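See below for the structure under consideration.
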Amino acid sequence: MRIDLHAHSTASDGTDTPAALVWQAGECGLDVIGLTDHDTTGGWTAAVDALPAGLTLVRGAELSCVSAGPSGPVTLHLLAYLFDPDDPAFVAERSRLRASRRDRGREIVERLAADGFPIDWPTVAGIADGGAVGRPHIARALVSAGVAGSVAEAFDRLLHQDGPYYLAKADIEVLGAVRLVRRAGGVPVFAHPLARRRGAVVDDEVIAAMAAAGLAGLEVDHTDHSAADRAHLRGLAGELGLLVTGASDYHGTNKPVRLGERTTDPEVYEAIVAAATGAAPVTA
Ligand code: AMP
Ligand code: ZN
Ligand code: FE
Ligand code: FE
């Protein structure tokens, strides 16, 4: 069994439509694919409708979270699997997060335009095309305008977290997010806990507090983690009784990772499915 539990579509900042994503997942020999767009379930229906024979879809999302740190707020991502998409509190929170993404995206674009970069909000909104807006959409507009040679270069020069045009979003406090996912019958897993491209990371005490609040697992096998990060997180998962997952965090052409580049063990996948009460995996 090959199980990749973290991938993005055009419902947020991936470049494959949900239908193209599940087709690709089948083509590259995956048995299970997790659709985890940022702060939205907008791709779920199209993914289910396009599911190729033999492939199982785990419906999920990746939530934009924040934790108060000793030297300022730290942003982090929480994967949520198999939750009830109609849970009213969770619906409201995802909607709030997407509105903040849109307003902040527009503000970043306006600051870039004011400094003479030849991009505008309608162009970026067109690239996002109704999906949850993220910096990768702005990066693509900068590439199209000839400002940067690649999405990665646009991040490195202009959009990264300590960069001149970075603005925070109105993210959800992470312990509240863990509880919100559980109340909606979902299974929360901390995405790439030590990925430093996103600036500061939380310390182990925050992960322990997340575990106490109901966290189910840590995404240990992620391309942005060093071997030392993985070893440390495996030890921590053992101490805290958390599951260990692995996934590609595929974003289509917005990132160099391949679908299925990292995977989750079948026993861990079964434990996630068993813990979920909000939705079930779908097999065509
Ligand atoms: P945002 O959600 O708007 O804060 O943007 C974060 C998104 O940008 C995440 O999905 C990351 O995968 C992506 N990202 C962050 N840094 C880079 C980078 N250097 N190159 C490409 N994508 C990046
Ligand atoms: Zn993303
Ligand atoms: Fe992430
Ligand atoms: Fe992701």
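The values are calculated or read from the model by the stated rules, or taken from the named source; none is laboratory data. Note that the coordinates shown come from a computational prediction; the quantities given were computed from them, not determined experimentally. Cβ: placed from backbone, ideal geometry, glycine included. Neighbour counts: every protein chain shown. Just so you know, the surface numbers come from the protein's heavy atoms only, side chains and all, with ligands and any DNA or RNA stripped out. Shrake-Rupley method; radii C 1.70, N 1.55, O 1.52, S 1.80 Å.
Looking only at residues of segment 1-26 that are in a strand (DSSP E or B) and of a type in the set (A, V, I, L, M), we find that the one that is farthest from ligand 4 (Cβ to nearest atom) is ILE3. In summary, GLY29 fulfils each of the numbered conditions (1) surrounded by fewer than 18 Cβ atoms within 10 Å (Cβ to Cβ); (2) outside any loop (DSSP other than H, G, I, E, B); (3) not basic (Lys, Arg) with the single exception of condition (2). Of all residues in segment 238-254, exactly one satisfies the criterion of being more than 16 Å from ligand 4 (Cβ to nearest atom), assigned to a loop (DSSP other than H, G, I, E, B) and buried (at least 20 other Cβ atoms within 10 Å of the Cβ), namely LEU242. May I ask you to verify whether ALA68 is in a strand (DSSP E or B) and either surrounded by fewer than 18 Cβ atoms within 10 Å (Cβ to Cβ) or among the basic types (Lys, Arg) (or both)? Considered against the rule, which asks whether it is in a strand (DSSP E or B) and either surrounded by fewer than 18 Cβ atoms within 10 Å (Cβ to Cβ) or among the basic types (Lys, Arg) (or both), ALA68 comes out as yes.
Among the residues of segment 74-92, those that are within 19 Å of the chain's Cα centre (by Cα), surrounded by fewer than 18 Cβ atoms within 10 Å (Cβ to Cβ) and either within 15 Å of ligand 2 (Cβ to nearest atom) or not in a loop (DSSP other than H, G, I, E, B) (or both) comprise VAL91, ALA92. Please work out if ALA177 is under 16 Å from ALA209 (Cβ atoms) and crowded, with 22+ Cβ neighbours inside 10 Å. It is true that ALA177 is under 16 Å from ALA209 (Cβ atoms) and crowded, with 22+ Cβ neighbours inside 10 Å. Within the set GLY185, GLY235, the sole residue that is farther than 30 Å from LEU158 by Cα, in a loop (DSSP other than H, G, I, E, B) and at pLDDT 95 or above turns out to be GLY185.
When the residues of segment 100-123 are filtered to those that are within 20 Å of the chain's Cα centre (by Cα) and in contact (Cβ under 8 Å) with a residue 12 or more places away in the chain, the one that is nearest to ligand 2 (Cβ to nearest atom) is ARG101. Counting only residues that are farther than 16 Å from LEU35 by Cα and not in a loop (DSSP other than H, G, I, E, B), which one in segment 255-273 is nearest to ligand 4 (Cβ to nearest atom)? For segment 255-273, the residue satisfying everything is VAL268.
Check segment 142-165 and report whether any residue there is over 16 Å from the mean Cα position of the chain (by Cα), more than 16 Å from ARG197 (Cβ to Cβ), away from ligand 3 (no atom under 16 Å from the Cβ) and at pLDDT below 95. Yes: segment 142-165 contains one or more residues that are over 16 Å from the mean Cα position of the chain (by Cα), more than 16 Å from ARG197 (Cβ to Cβ), away from ligand 3 (no atom under 16 Å from the Cβ) and at pLDDT below 95. Can you go through ILE119, ILE138, ILE127 and tell me which one is within 16 Å of ligand 1 (Cβ to nearest atom) and in contact with a Lys or Arg (Cβ under 7 Å, 6 or more places away or on another chain)? On inspection, the qualifying residue turns out to be ILE127.
Quick one: is ARG104 open to solvent by less than 40 Å² (accessible area, probe 1.4 Å), of a type in the set (D, E, K, R) and either more than 27 Å from VAL22 (Cα to Cα) or out of contact with any Asp or Glu (no Cβ under 6 Å at 6 or more places or on another chain) (or both)? Yes. Among residues of segment 38-64 that are open to solvent by 40 Å² or more (accessible area, probe 1.4 Å), those with a Cβ under 6 angstrom from a residue that is assigned to a helix (DSSP H, G or I), sequence gap 6+ or separate chain, pair up as ALA46/PRO18; ALA46/ALA19; ARG59/TRP44.
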